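Presented below is the structure to which this report refers.
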Amino acid sequence: MDKTPIRVLCTAHGQMEAEILKSLLESAGIAVLLSQEGAGAVLGMTVGPLGDVDVLVRESQLPQARALLEEYLRGSLDRGEADSTLAPD
């Protein structure tokens, strides 16, 4: 079992945004967990604090995940300008 600490990469505003980020990161070979406050998940909350979802990654993959997230937020992935070093091994 891998005992590498898990860290919060970012907080997504709703399950849909969290799933998009998870798919993006996993496509680059980054293991991802999503964590939402229990009541928010059960009630299907999508706004406010109960709708927030933490995107978690292993500490060892945090630098790569941050770089990919920054590329995504800048929109450079849409324009085909992504850093080729972010591709999975």
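The values are calculated or read from the model by the stated rules, or taken from the named source; none is laboratory data. Predicted, not measured: the structure shown is a model, and the values here were computed from it. Note: ideal-geometry Cβ built from the backbone for every residue, glycine included; neighbour counts use all protein chains shown. In case anyone asks, the SASA skips ligands and DNA or RNA and just uses the protein heavy atoms, side chains included. Shrake-Rupley method; radii C 1.70, N 1.55, O 1.52, S 1.80 Å.
Key figures
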quantity	calculated
Filter result (touching a Lys or Arg at 6+ places or on another chain (Cβ under 8 Å), touching a residue at least 24 places away in the same chain (Cβ under 8 Å) and open to solvent by 40 Å² or more (accessible area, probe 1.4 Å)) within the range 5-38	5, 6, 7, 31
Contacts under 9 angstrom Cβ, first residue in the range 61-83 being under 14 Å from residue 26 (Cβ atoms), partner modelled with pLDDT under 80, 6 or more apart	64/85; 64/86; 68/77; 68/82; 68/83; 68/86; 72/78; 72/82
Lone qualifier among 18, 31, 41 - being at pLDDT 95 or above and out of contact with any helix residue (DSSP H, G or I) (no Cβ under 6 Å at 6 or more places or on another chain)	31
